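Below is one structure, written out as structure tokens; the observations come after it.
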Amino acid sequence: MSLTRRVFLERIAQIGGYSAAFRAMQALGLMAPVGVSPLPQLAADFGHGKSVVILGAGIAGLVSAYELRKAGFSCTILEARSRPGGRNWTVRDGTKVEFTDGTIQKCTWSDGGYLNAGPARIPSIHTNLLNYCQELNVPLEVEVNVSRSALMQSPLLNSGKPVEQRQVIHDTRGYLAELLSKSLHANTLDEALSKEDTSLLLDFLQDFGDLNADGKYAGSMRAGFVRPRGAGPAQYVLHKPLKLHDLLIADLSKGEFYEDEIDWQATMFQPVGGMDRIPYGFARVLPITMIHYECPVTEITTGDTTVTVAYSKAGTPQTITADFCICTMPISVLCRTKNNFSAEANQAFAGMPVLALYKIAWESPRFWEKDNHIYGGISFLKNTVDLVWYPSAKLLSPTGVLVAGFNSERNDLGGLGRNFGSGSGGPTPFGALPSMEAKLDASRAAVEALHPGRSQLLAKPIYVSWAKIPYSLGCFANNFMPSSAPAYAQLEKPEGHTYFAGDYLSHLVGWQEGAVLSAHHAIERIATQMKS
């Protein structure tokens with residue numbers, strides 16, 4: 001069978017998950033440029049006399065209302081939850097986490113600790129969202145996404161003992177530089193490089209890999225110390241380089257390349273006090289009567305000139321009719337909502353698989369700061385739970401909220417990079433664990449593997465499984481696979497006077513910036529229709 005682009009990309013996704021497939025699509029020129037807002041400049045009275053009903057008070061819905069109101073439209077937001085934000089949800093003391101199966105957890109963390117259960121970081125290149133934070137006076141602080149002091153652990157490396165991230169990264173780089181340097185000295189690249197370029201590249205590799213005068217990698221200060229620098233006669237001692245074979249077979253590339261992803265590069269930001277400061281910022285500046293909470297939508301009837309939405313408020317059926325509708329409901333919910341959309345639109349709701357992501361967080365004394373000098377960042381390991389994410393807020397305070405587990409519930413396409421809990425002979429997939437208790441045990445075991453003896457300090461766990469969160473039924477739609485393209489194209493089209501918006505209708509799926517841009521795009525299409 002010939003290897004078509006679709007087959008190739010699906011195989012890449014199976015091996016490397018979302019990130020690898022996304023990079024491959026960019027390299028093949030299959031991804032459109034992202035980040036440029038299509039928001040039209042509209043006069044303050046452009047929408048005078050026109051009404052818009054917006055379904056969902058997530059970021060896409062809030063941005064839609066915020067911008068349409070400035071253009072003179074009368075807006076109403078229907079939100080099924082009792083809060084704004086949608087998947088932008090911060091769990092803190094007093095929060096109730098309720099699953100569709102009736103499971104209830106109540107958060108009782110102290111000292112202002114919180115978990116951003118959905119989005120937890122804002123890249124510096126997500127300029128539209130950052131601009132809204134500035135407009136809404138939402139204070140930001142740096143989110144430490146990467147720390148070279150964080151750890152990596154594999155049973156196939158260093159006898160299973162965790163090592164600092166800096167050692168894995170710089171030992172690997174050193175060996176690669178040495179190998180390429182040897183090939184240059186052996187004149188194996190003569191046809192590709194001139195003598196001048198060969199000389200220049202050798203100089204570069206010596207610095208890149210911190211090679212010695214003989215062009216060999218024998219260790220580097222970049223990789224850290226066995227005995228650190230100090231005062232007096234004692235000399236520092238560098239780590240002995242890890243073996244190249246062990247580094248390769250351990251396959252810790254998810255952590256090694258983590259910060260290279262375009263949306264995970266420094267500088268990253270987070271709102272002070274929790275990500276939900278953003279939706280509450282929008283809610284604060286919108287009229288108090290505009291957002292109607294606890295109003296789940298039951299039916300959408302779209303027409304050529306108006307849209308009628310049926311919903312429930314305090315158990316009482318209600319309807320609202322508007323000139324336009326912007327529907328930002330998750331497609332996992334839309335496919336269960338009665339409507340008169342075309343058969344093609346309803347089919348498209350199921351055309352993008354919705355990822356079942358999870359997060360597990362614990363309250364704990366900050367042992368990672370005292371023991372390992374880890375201040376923010378992420379440790380990676382080859383285990384059922386394959387990462388531990390350290391808080392960036394309130395550094396050096398007594399306690400913090402430690403995320404021990406963030407990936408896909410299922411062993412399917414779309415994990416956040418390589419899913420270490422999968423594959424023949426590997427750890428048990430997280431989704432195969434039989435109970436919440438078993439999943440919490442796996443989370444605790446990941447911390448124990450990285451920080452022996454410290455898992456006993458973990459307390460008050462909170463487990464968020466997005467597939468079981470009411471009115472979400474999943475985390476985000478997997479629109480990056482070639483098989484999702486027809487659904488994406490279909491939902492770009494309006495259904496009568498109903499327009500769809502959400503991060504799944506952007507090329508920044510899973511990010512708030514994508515939701516912002518999709519809202520701008522919906523407004524652009526409404527404005528275009530009104531002008532025609």
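The values are calculated or read from the model by the stated rules, or taken from the named source; none is laboratory data. Computed from a prediction, not measured in an experiment: that's the story for all the values here. So basically every Cβ, Gly included, is an ideal-geometry build from the backbone, and we count neighbours across all protein chains shown. When the accessible area is computed, the model is the full protein with side chains, heavy atoms only, and any ligands, DNA or RNA have been set aside. Shrake-Rupley method; radii C 1.70, N 1.55, O 1.52, S 1.80 Å.
Annotations for the structure displayed:
- Each residue of region 453-469 is assigned a 3J(HN,Hα), and the resulting list reads x, 9, 5, 5, 7, 6, 8, 6, x, 10, 10, 10, 10, 4, 5, 10, 8 Hz, derived from the Karplus form 6.51 cos²θ - 1.76 cosθ + 1.60 (θ = phi - 60°), x at Gly and Pro.
- Mean separation of Cα contacts under 8 Å, 6 or more apart, over the residue count of region 186-260: relative contact order %: 16
- Taken along its three principal axes, the alpha carbon spread of the chain comes to 79, 58, 46 Å, from the longest extent down to the shortest.
- Note that the chain presents 44 Å² accessible area per residue, ligands and nucleic acids not counted, probe 1.4 Å.
- Residues of type lysines that Lys468 reaches as a straight line, Cα spacing below 24 Å, ignoring anything fewer than 8 places off in the same chain: Lys96, Lys106, Lys313, Lys338, Lys359, Lys439, Lys460
- Each label was represented as a point 7 Å from its Cα along the Cα-to-Cβ direction; for Phe99 and Thr308 these points are 4.0 nm apart.
- Stretching Asp371 away from Glu261 to a fully extended chain increases their span by 36.7 nm, per 0.36 nm per residue minus the current alpha-carbon distance.
- For the chain, the relative contact order is 22 percent, taking Cα pairs closer than 8 Å that sit 6 or more residues apart in sequence and dividing their mean separation by the residue count.
- Debye-sum result for region 120-257 in log10 I(q)/I(0), which assumes one identical scatterer on each alpha carbon, at q = 0.15, 0.17, 0.21 Å⁻¹: -0.87, -0.96, -1.16
- Positive-end extreme of charge dipole, region 181-332 - chosen from Ser181, Tyr236, Tyr258 (charges on Cβ): Tyr236
- Taking 0.36 nm per residue of separation and subtracting the current Cα-Cα distance, fully stretching the chain between His185 and Ala350 would add 53.8 nm.
- For region 329-410, the dipole from Cβ point charges (+1 on Lys and Arg, -1 on Asp and Glu) about the Cα centre works out to 120 debye, to the nearest 20.
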